[in-house]
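Following: one structure in structure tokens, then a few remarks.
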Amino acid sequence: MSHIYASFRSIGAYVPKKILSNADLEKMVDTTDEWIVKRTGIKKRHIAAQDEYTSDMAAKASALALERSGISTDEIDLVLCATVTPDYFNMPSTACVISDKLGIKDVQAFDISAACSGFVYLLSIARAFIESGMKKNVLIVGAEKFSSIVDYTDRSTCILFGDGAGAAVISATDNPKEAIIDIHASADGAYADFLVTPAPGSINPASQKVIDEGLQYVQMKGNETFKLAVKTLTKDVKEILEKNRINAEDILHFIPHQANYRIIKAVGDALKMKEEQVVLTVGKYGNTSAASIPMAINDIWESGRLQTGELMLLDTFGGGLTWASALLPFAGKSK
Ligand code: ACO
């Protein structure tokens, strides 16, 4: 019997219509376009409408990924969603809601929480299910309505985040050239307080105190996170490249998590990557957490930059703390 591999079949993304520019933020908090661009590279971000939910954005991105994969909803046998801004904080999972919105019936569906590393975490789960023979076609979605947990009076966080969704279909193949080559995913809870949304949860269930103290909003130790992100991302990429005997210059598409241009630049420079190898979308979308990497992959696919068989290197870092990297060819059709 031939070996079963997991392959990355297609990509889709969705960004909400409304744009929140740096000029808009200048009117809301004590900041300037100059500060935001210089410190983060972000010029604008998209914000979901009040009645547009994480599952709505996820379903739209997924519908595109499904259409581009040539695989019908009937053939999907697992639906996974990575999000820290689910439709509901405990149940039902956003993956269940997405399945219903797409008309995917009677399949396993669940969410994971790994903040910005969520999409690459999902890739590792989809791969394990497929290579073990348990599933054949897995829909994975990174989706965030991050604006729902941002305090728009806190200038240190509100300038960073945006909303959006990205989805991919991961399928079984017997062609080793299409196979996901390697994934590394890890975590260290000792840094849990670097990025935290204190409520609602078992520590701080919903209460007047939660509202009064704004504990439902994301809190970040920005500077400490920044330093650790650069160090961890660089180390992680070096390790996965070395392990697989691949040189950084052979990577056509380095797709890092889009949190801050300065982080991406520092990591790219440490790896001696050329500008054209590094995918950059942070300027127009801001940090969309679990949606950031699939949205970036979608961008290069839609612009015709990502072709069948081309090697991608994904690298991400986020709350938990969590981090992950992946080496894989794009096994879908070029645009
Ligand atoms: N406008 C103007 N000034 C500001 C703003 C703002 N929007 N925000 C902060 N400042 C001020 C601070 O108050 C501080 O002033 P002080 O020196 O008088 O105290 C000064 O700017 C410097 O603040 P720092 O926080 O040290 O600035 P830094 O250069 O670190 O940039 C930033 C902040 C952009 C948040 C950066 O630290 C960063 O990008 N961190 C990493 C984010 C990240 O990667 N997160 C992980 C993924 S996210 C996830 O998992 C959901």
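The values are calculated or read from the model by the stated rules, or taken from the named source; none is laboratory data. Just so you know, these numbers come straight off a predicted model, no measurement behind them. No Cβ is skipped: glycine too gets one built from the backbone with ideal geometry, and neighbour counts run over all protein chains shown.
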- What are the residues in segment 1-25 that are under 20 Å from S147 (Cβ atoms) and surrounded by 16 or more Cβ atoms within 10 Å (Cβ to Cβ), if any? A13, Y14, V15, P16, L20, N22, L25
- Task: Starting from residues that are basic (K, R) and within 15 Å of the ligand (Cβ to nearest atom), keep the ones in segment 194-248 and report whichever is surrounded by the fewest Cβ atoms within 10 Å (Cβ to Cβ).
- Result: K227
- Query: What about A324, is it among the hydrophobic types (A, V, I, L, M, F, W, C), at pLDDT below 95 and either within 16 Å of the ligand (Cβ to nearest atom) or surrounded by 23 or more Cβ atoms within 10 Å (Cβ to Cβ) (or both)?
  - Reply: no
- Residue among V267, V278 that is modelled with pLDDT of 95 or more, under 20 Å from the mean Cα position of the chain (by Cα) and either more than 9 Å from the ligand (Cβ to nearest atom) or within 26 Å of C81 (Cβ to Cβ) (or both): V278
- Note on the structure: The lone condition I251 fails out of (1) within 11 Å of the ligand (Cβ to nearest atom); (2) buried (at least 19 other Cβ atoms within 10 Å of the Cβ) is (1)
- Task: Pick out the one residue from V267, V279 that is under 24 Å from K60 (Cβ atoms) and in contact (Cβ under 8 Å) with a residue 24 or more places away in the chain.
- Result: V279
- Message: Among the residues in segment 191-205, are any of a type in the set (A, V, I, L, M, F, W, C), farther than 18 Å from W323 by Cβ and modelled with pLDDT of 95 or more?
- Response: yes
- Could you tell me whether any residue of segment 66-85 is of a type in the set (V, I, T), under 29 Å from W323 (Cβ atoms), within 16 Å of the ligand (Cβ to nearest atom) and part of a strand (DSSP E or B)? no
- Going through segment 12-65 one residue at a time, which ones are part of a helix (DSSP H, G or I), among the acidic types (D, E) and more than 11 Å from the ligand (Cβ to nearest atom)? D24, D56
- Query: Can you pull out the residues in segment 111-160 that are among the acidic types (D, E) and either within 13 Å of the ligand (Cβ to nearest atom) or surrounded by 24 or more Cβ atoms within 10 Å (Cβ to Cβ) (or both)?
  - Reply: D111, E144, D151, D154
- Selection within segment 298-321 - under 23 Å from I159 (Cα atoms) and away from the ligand (no atom under 16 Å from the Cβ): D299
